[in-house]
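Worksheet: the structure to be examined is printed underneath.
The values are calculated or read from the model by the stated rules, or taken from the named source; none is laboratory data. Keep in mind the model is a prediction, meaning the values are calculated, not measured. Counting neighbours? That spans all protein chains shown, and the Cβs are built from the backbone with ideal geometry, glycine included.
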Amino acid sequence: MQSVAPSHALVTAREELDHRLIRAAYRRLLRALGKHPMAAEDKKQVREAFEFAMKAHSSQRRKSGEPYITHPLEVARICFEEIGLGPTAVVAAILHDTVEDTPVELADVHAHFGPKIAKIVDGLTKLDGLYNVESPQAENFKKVLSTLLDDVRVILIKMADRLHNLRTIDVMSRTKQLKIAAETSYIYAPLAHRLGLYNLKSEFTDLCLKINEPELYEEIGEKLRQTQKDRNKFINDFIRPLKNVIDPLGIPYKIYGRPKSVSSIANKIKTKRVAFEEVYDLFAVRIVLDVPVEKEKSACWLVYSIVTDVHRPIPERLKDWITTPKSNGYESLHTTVIGPGGRYVEVQIRSRRMDEIAEKGFAAHWKYKDIGTMQTVYDHWFDNIRDVLETPHNDAIEFLNDFKSNLYGEEVYVYTPKGEMRVLPKGATVLDFAFSIHTELGCHATAFKVNNKLVPMGQQLANGDQVVVHVNRNQKPTEDWLKLVVTGKARSRIRAALKEEQKKLADMGREILERKLKNNKLEADENVDLLMRSLGYKTRSDLYQAIGEGKVDVAQNLREFDIERGRLVERRAEQPEPAPREILSKPGQDTARAAEGILINGEPGRQYHYSLANCCSPVHGDEIFAYVTASSGVRIHRANCPNAEHLMVNHGYRILKAEWSDLVSDTFTAELLIQGIDSGPGVIERLSHHISTKLGVNITSFSIHGHQGTFEGRIGLVVNNKAHLNLIIKALEQLSGISAVQRTDTPAV
Ligand code: MN
């Protein structure tokens with residue numbers, strides 16, 4: 001019986017550790033809560049929720065080994081401290097996984113904590129349940145949005161949940177990490193942006209970048225650390241003369257330099273194709289004034305005039321979101337000025353109230369405004385969501401694309417003939433405007449006047465435009481209209497109208513066909529299917545519609561058949577199969593080429609008939625995944641392929657794990673984008689000589705364009721693997737006159 005003692009001791013040691021972890025997490029939450037006054041009743045409920053959840057999760061552990069309860073406690077803390085939610089949300093957050101993951105029933109939560117909290121927990125359970133089914137994320141997004149309309153707190157708690165899971169994602173498998181990142185950047189980051197939760201949004205995008213492109217993330221982080229000292233010195237030089245003038249005003253204020261997020265710097269590097277050193281706005285300077293609401297505006301403009309007296313402003317960079325806040329409630333005054341050494345610096349001026357709303361968004365509004373006022377901040381947007389949700393969509397992806405177009409971006413302010421202001425996303429057209437007023441107005445719109453001048457239907461709106469819409473009863477939307485609008489509402493309404501029209505045509509086609517069959521004494525049912533297959537249509541309604549549109553002549557087609565005992569019989573013995581349609585992508589490279597090189601789900605890839613995707617041209621050593629296409633086998637993509645997010649989000653169930661086997665002795669084609677200073681015709685020769693002779697690498701394609709003393713070239717190369725490719729990049733970067741060398745994602749055709 002000697003063995004009992006040590007194992008018992010082990011158990012207690014573990015229990016002891018568990019308790020310490022749980023206590024620490026709970027204390028952390030209480031410390032956060034303690035920073036704000038809270039009613040005794042609320043405190044009691046937090047305690048009860050903790051005990052309730054603790055009991056429910058008692059035997060569960062997180063993947064990292066910690067007791068499970070630490071997760072909901074941390075989610076609750078994030079809700080309170082980082083999102084600014086109140087006690088109800090804190091209690092719901094502590095309980096958020098109980099119904100989903102433990103034997104606890106919703107009725108138990110209801111009995112203990114009342115209907116309000118039970119409803120939120122129910123919303124969270126339903127949202128969570130979704131991620132376990134293999135349904136396209138677009139369906140999930142739809143669900144997320146309808147939840148949003150019920151009670152915004154459900155989504156906000158869900159975001160806190162997601163944030164904590166992302167912060168602790170290291171223990172997850174790589175495949176799972178990529179999927180979570182794809183979903184986050186597809187759904188939660190845009191939603192956080194739209195709700196004005198800027199802090200959350202930038203942490204989401206940073207963490208996604210860390211998962212998707214760890215090398216780039218590390219590189220930028222490292223460079224930010226290296227340049228910290230210089231940056232601080234610059235910021236101090238910039239701020240000092242400002243302080244000298246603002247201090248005597250006697251307004252309490254804070255002024256500081258604020259670094260931009262890693263992902264926004266990464267974005268600049270990628271979209272502007274510049275090096276880290278050339279990204280000038282690595283930070284913004286923020287001035288936060290502590291003034292009462294009624295003095296906010298005048299104080300902000302006073303400070304603005306001081307800033308622009310000290311540092312010369314760039315006039316077109318003034319952005320005034322104080323007079324007209326963004327539709328997510330963001331208020332601030334931005335200007336860009338020329339600082340020491342001619343460097344551009346963005347300065348943000350705002351009050352403390354505006355600052356809190358800018359950082360925490362939605363929840364902060366509750367604090368500063370009564371619910372009535374706050375509703376108006378989001379109402380317009382919520383109306384739009386309701387609208388899009390109520391429009392029937394063919395498939396969820398169509399819906400999602402309609403909706404997503406409305407999440408990001410700036411806005412334009414335009415006016416109706418009566419002088420009412422309308423807010424539309426930047427890039428919206430006069431046709432979008434018509435649909436934003438009323439569906440009927442959009443569908444029957446024939447002509448538009450902007451500021452009294454006739455303009456085309458696709459004319460983009462500018463701030464201050466006054467728009468008049470002329471209608472005609474007989475006007476009908478066409479397919480082309482879809483290209484003239486950007487808002488989800490307009491797009492979904494046009495689609496609905498087109499579908500209605502198609503239905504009419506199909507009904508007509510069906511009548512024609514059935515009449516003709518009847519005239520020939522033919523039974524409708526099986527003969528329709530026979531005709532459908534023989535003409536290569538997938539569904540009956542496709543066939544009906546084609547007949548309705550006059551694309552198919554029924555009489556003529558019937559003549560090509562024999563009729564035997566009430567049935568159509570194909571005259572020709574062999575009817576060619578209609579060619580399968582390639583839906584998802586173009587065929588990839590030759591399958592045989594790298595046949596042994598890849599393991600798919602741990603097995604030799606050959607049996608999957610895989611090929612390398614053309615969109616990102618993976619080479620040996622790249623991080624990759626496999627995607628099962630609809631009709632042409634399995635395609636191998638790079639994990640950072642521009643299409644990866646789309647594929648994972650919408651077709652996650654078709655993603656397979658893929659890795660390179662060590663046996664590869666093959667070569668791959670990769671493409672480099674090379675930029676530099678044009679030193680005359682010699683540059684092509686110098687480059688190609690260096691690559692083929694000095695580096696001994698074969699060139700498969702070469703194109704180069706000069707522009708005002710600079711050039712940009714695309715060179716296709718045959719390489720052995722990623723390491724080889726990196727060596728080539730390093731070597732080319734050393735050449736004089738070359739400013740940047742990087743791998744392209746989309747090869748020129
Ligand atoms: Mn959770």
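For segment 326-359, give me each residue that is in a loop (DSSP other than H, G, I, E, B) and of a type outside the set (Gly, Ala, Ser).
326, 328, 330, 331, 343
Could you list, in sequence order, the residues of segment 16-51 that are within 17 Å of residue 121 (Cβ to Cβ) and within 36 Å of the chain's Cα centre (by Cα)?
46, 49, 50 - these are the residues of segment 16-51 that are within 17 Å of residue 121 (Cβ to Cβ) and within 36 Å of the chain's Cα centre (by Cα).
Check segment 427-443 and report whether any residue there is crowded, with 16+ Cβ neighbours inside 10 Å and in a strand (DSSP E or B).
yes
Quick check on my filter: what residues within segment 241-263 are more than 20 Å from residue 337 (Cα to Cα) and touching a residue at least 60 places away in the same chain (Cβ under 8 Å)?
Result: 263, single match.
Yes or no: residue 344 farther than 23 Å from residue 187 by Cβ, hydroxyl-bearing (Ser, Thr, Tyr), at pLDDT below 70 and not assigned by TED's automatic domain parsing to the domain that holds residue 84?
Judged against the criteria, residue 344 is not a match.
When you scan segment 455-488, how many residues do you find that are in a strand (DSSP E or B) and hydrophobic (A, V, I, L, M, F, W, C)? Break it down stepwise before answering.
Looking only at segment 455-488, we keep the residues that are in a strand (DSSP E or B), and these are 455, 460, 466-471.
With hydrophobic (A, V, I, L, M, F, W, C) added as a condition, the list becomes 455, 467-469, 471.
Within segment 455-488, residues that are in a strand (DSSP E or B) and hydrophobic (A, V, I, L, M, F, W, C) number 5.
Where residues in segment 37-56 are within 16 Å of the ligand (Cβ to nearest atom) and farther than 11 Å from residue 90 by Cβ, which of them is surrounded by the most Cβ atoms within 10 Å (Cβ to Cβ)?
Here the answer is 53.
Being crowded, with 22+ Cβ neighbours inside 10 Å, within 18 Å of the chain's Cα centre (by Cα) and within 14 Å of the ligand (Cβ to nearest atom) is the requirement here; does residue 181 meet it?
No: the conditions fail for residue 181.
In the set 560, 523, which member is exposed (fewer than 14 other Cβ atoms within 10 Å of the Cβ), without any contact (Cβ under 8 Å) to a residue 12 or more places away in the chain and over 30 Å from residue 437 (Cα atoms)?
Answer to the selection: 560.
With respect to residue 112, determine if the residue is outside any helix (DSSP H, G or I) and modelled with pLDDT of 90 or more.
No.
Which residue is modelled with the lowest pLDDT, if the candidates are limited to segment 122-146 and must be within 14 Å of the ligand (Cβ to nearest atom), of a type in the set (A, V, I, L, M) and out of contact with any Ser or Thr (no Cβ under 7 Å at 6 or more places or on another chain)?
130
When you go through 236, 232 one by one, which is the residue that is part of a helix (DSSP H, G or I), within 30 Å of residue 339 (Cβ to Cβ), away from the ligand (no atom under 16 Å from the Cβ) and free of Cβ contacts under 8 Å to residues at least 12 places away in the same chain?
Of 236, 232, the one residue that is part of a helix (DSSP H, G or I), within 30 Å of residue 339 (Cβ to Cβ), away from the ligand (no atom under 16 Å from the Cβ) and free of Cβ contacts under 8 Å to residues at least 12 places away in the same chain is 236.
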